[in-house]
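Presented below is the structure to which this report refers.
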Amino acid sequence: MTPDPYGDAPLGADASPAANAVQRLRRAEGHLYRKRHASQQRSATDRSAIRYVIERSREGHQVSPSDLARYLEVTSATVSAVLERLTKAELVVVRPHPDDKRRKIVEPHGDDDEASAADPLTTRIRSIAAELSDEEAAVVAGYLERVTEAIQEAGGA
């Protein structure tokens, strides 16, 4: 087994390679979070908001600030602050809704290349996933969904 660059031992010899890989993934995410936080890069909430707006836009859907608040599971005040930061960074644009001027819609600023630059890790993860066969992707997705459920249950989500 290769040494763990994040300093913690794997779950153990009796743990499956998949469980050890998830443990390494969790440590790598924690390390990345701490590194980004220390260097004052965009927060996890900001990155999630950008990804959501880009994905929904690619799917042809409009995103309202309240849609974003529901997705992020935050208050409208928090979404307002997120949108202010993302607008200032020229990552999103907030416009009046075309049919109802009382409402607003949030759109990505610029094209997909700019969006990829805003979150290059997501772009790289998608590229790695594209290398999987449909069958491999289904197995990986099923396993990760179950791991996600376990994490959410542990966190009370």
Given a Förster distance of 22 Å, the FRET efficiency implied by the Cβ-Cβ spacing of VAL140 and GLU73, rounded to the nearest 0.05, works out to 0.30
Amide H of VAL93: which non-local residues (sequence gap of 5 or more, or other chain) have their own amide H closer than 5 Å, using H built in the peptide plane?
GLU107, HIS109
Relative compactness, region 42-157, computed as alpha-carbon Rg over 2.2 N^0.38 Å
1.20
Semi-axes of the equivalent ellipsoid for region 37-95, Cα gyration tensor, largest first, Å:
18, 13, 11
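We did not get these values from a lab; they are worked out from the coordinates using the rules stated. On a predicted model such as this, the values are computed, not experimentally measured, just so you know. When we count neighbours, we look across all protein chains shown, and the Cβ atoms used for this are built from the backbone with ideal geometry, even at glycine.
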